[in-house]
Every structure is written in C-alpha cells, then in structure tokens.
1. Using a Förster distance of 51 Å, how high is the FRET efficiency between A211 and M39, based on the Cβ-Cβ distance and rounded to 0.05?
2. With only Lys, Arg, Asp and Glu charged, each at its Cβ (+1 for the first two, -1 for the last two), find how big the charge dipole of region 125-219 is about the Cα centre; round to the nearest 20 debye.
3. Per the Kirkwood definition applied to all pairs of different Cα atoms, how many angstroms is the hydrodynamic radius of region 1-72?
4. Can you give the longest run of the chain that contains no trypsin sites (Lys or Arg not before Pro) sitting in a DSSP loop with at most 10 other Cβ atoms inside 10 Å?
5. With every protein chain present, what is the per residue accessible area of region 103-174 (1.4 Å probe, Å²)?
6. Over region 1-71, average the accessible area per residue using a 1.4 Å probe and give it in Å², no decimals.
7. Along the charge dipole of region 209-323, pointing to its positive end and built from +1/-1 on Cβ of Lys, Arg, Asp and Glu, which listed residue (A222, F257, L313) has its Cα farthest out?
8. Who wins for biggest fluctuation among L311, L35, L260 in a Gaussian network model of the chain, springs between alpha carbons below 10 Å?
Amino acid sequence: LSALCEWLAAQPGIAGGKVNTASAAVAGRCAKADLVSQMVGEFDTLQGIMGGIYGHKMGLDPVAADALAEQYLPAGPETPVPATDLGAILSMADKADTLVGCFGLGNIPTGAADPFALRRCALGIARILIEKGWRLPVEEFFAKAQSLYAEDIRWKLEKPEALAKLNDFFAGRVKNLFLTQGNDTLLVEAVMNAGSSDVWAASRRLAALVAEAAKPGFADNAQTFKRVANILRKQGAGATGAFKAELLAEEPEKALFAALEDMASKFDALWAEDRFDELLALMDGIRPAVDAFFDGVMVMAEEPELRANRLDLLQALLSKMGRLADFSALQM
C-alpha cells in the first residue's frame, strides 16, 4: 500500500501530481495499524477513524493522518468520496490492492455472491476518479498494484488472466454506474465500446453524447456514422485510414476528403482540451459530405486499389469520431 500510494501520488493525472509522495508513503504504511487496537477490536465501525485520531496524537504527518480517517470512503453509493486528495489516493490504493489480490486467488464475484465486496471496491475507485476529475488508465493502475505483490505467491490464476478478468469486471461496474445514473442503455453502450480506461473522460463523453442525442439532427448524424461503422466492420478488414489523396477520383470523395481535412484539425485541438460537446457537434458539419459520398460513390468498387482507398478514407473518418462513441451500437 505504501509503494502504491507513493506511485499514485506521482501520477500527473492524480491531483495534478501535487500530493507529497513521502506523505503518501506514510499513509499507506500506517493504513491498517489501528486494526490491532483494542478500540477498533471492540468497535469495528471505528476502523480508519481511530487511525486518524491515533495518527494525530502520535505526531504522524497531519496530511497522512487525515487520509487514514478517510481510507474506507466511499462506503457505498450514497456516501461521499474522501475530501482530501491523499485520502482519495489511499482509498483507491487499498481498493485496487484488494481487487488484484482477490482476482489473483480466483475470488471473483458471481451472481449475487460478493463476499469481499469487490463490486463496492470497483465502484469506489470509479466514483473517486469521476468526482475528483482525475485521469489514470485503470489497466496501468491495476497492473502496478499487481506488480507490488511478492514474486513467490502461488496465485490461482496466471497474472495476465487475472488482470484481464479484473479489467473486464471493472468496466462492467463503470457501465453499471452510468446506467444507475439514469442514462440510456444504448448511449452507455456506445461510450463504453469506444473505451473506458480513462473513467473520467468516459463520463464526460457520455454526458456530451446525452446532450447531443437530445438535439433534433442527432438521429440523422448517428445513422450516417453507424453506416460508416457497419461498412468498416463488415468490409474494412485491413483498412488503416492511410488513404491516398491522388486516388480520389470522383467529386463526392474529393469533397469528403476536404471536409475531413477541415474537421481533423479542429478535432485534434478540441480533443486535447476534452471539449467533447464541441467534438460531437462536428458531426453536423461533415455529415452532408458523408451522405453525398454514399449517394455518389460506389464504395465497394471493382478495382481493388480504389475500393481499399475508399475504405481507408472512411476509416480515417471513423478513427476520429469513433474515439467519442461506437455509433454502430446505436439504433436509429
């Protein structure tokens, strides 16, 4: 826990990297010390709380002592996340350590059975990331937590298999969180399919998609991009998006190329600033060119080179918009 807290505190996407790593190491090292006290032995609901009190009484780093008192938050869907940044770091580290250990030993929730409260652990990490606005690839986080276990542990599952199962499980809990917030199932599916490793970004993409879906022209936009996604899924094996402009022979594909060039420069700038609402609004500008392309050009041309180039043009388009949502998951 000490090493994992220290690693988390050093990540630039976690509290802007402003949490002192030495304080983080102290919080991790002392996190469970109060469990052997008679007070917690008598009143188990005081775990963590007593750690914070003892820490302050004993002259522990005050920031670390405050974190000890918050390490079990959030305790459920209605309880708050830790108020302090180090408290949130300690909570995430503790939960990730538990998840990685249990999955490695094959203690994976099935149906309603979840004796180690692993669903609550996953939900807690997701809520902290979202509510704190922190950015961290969760796969990297879990891999780091796993790497800190001793090498001679006899795991029930091989490490790569355990991590794969944990990552799938965590994505499922993030999806469940989004659904319990009242979001439309198809919109949640579309966002999750586009990637949820960065949980905060996924939550913001979902909020932007929900807002965009309420606009009058969204159904037409979504239908067009769903058509692009479906064609590439069925026919686009090998399409890389590296099309050749000199092979664009007909006016509609040249017009789509021009529209894509214009959109791409705007897309990259907006993506860098997480302006997901404006990114989705770019569909309004490029959809007419895509529709005209489908109306005026035979994508699956007989000439292999021409066909491949047109599929690559569509792939170049989808490689941008597909980062926001999987439009093939929508039903319009």
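The values are calculated or read from the model by the stated rules, or taken from the named source; none is laboratory data. Quantities reported herein were computed from a predicted structural model and do not represent experimental measurements. Cβ atoms come from the backbone with ideal geometry, glycine included; neighbour counts cover every protein chain shown. Side chains included, ligands, DNA and RNA excluded: accessible areas come from the protein's heavy atoms. Shrake-Rupley method; radii C 1.70, N 1.55, O 1.52, S 1.80 Å.
1. 0.55
2. 240
3. After inverting the pairwise mean of 1/r, the radius is 12.2 Å.
4. 155-332
5. 52
6. 52
7. A222
8. Taking springs between Cα atoms under 10 Å, the residue moving most is L35.
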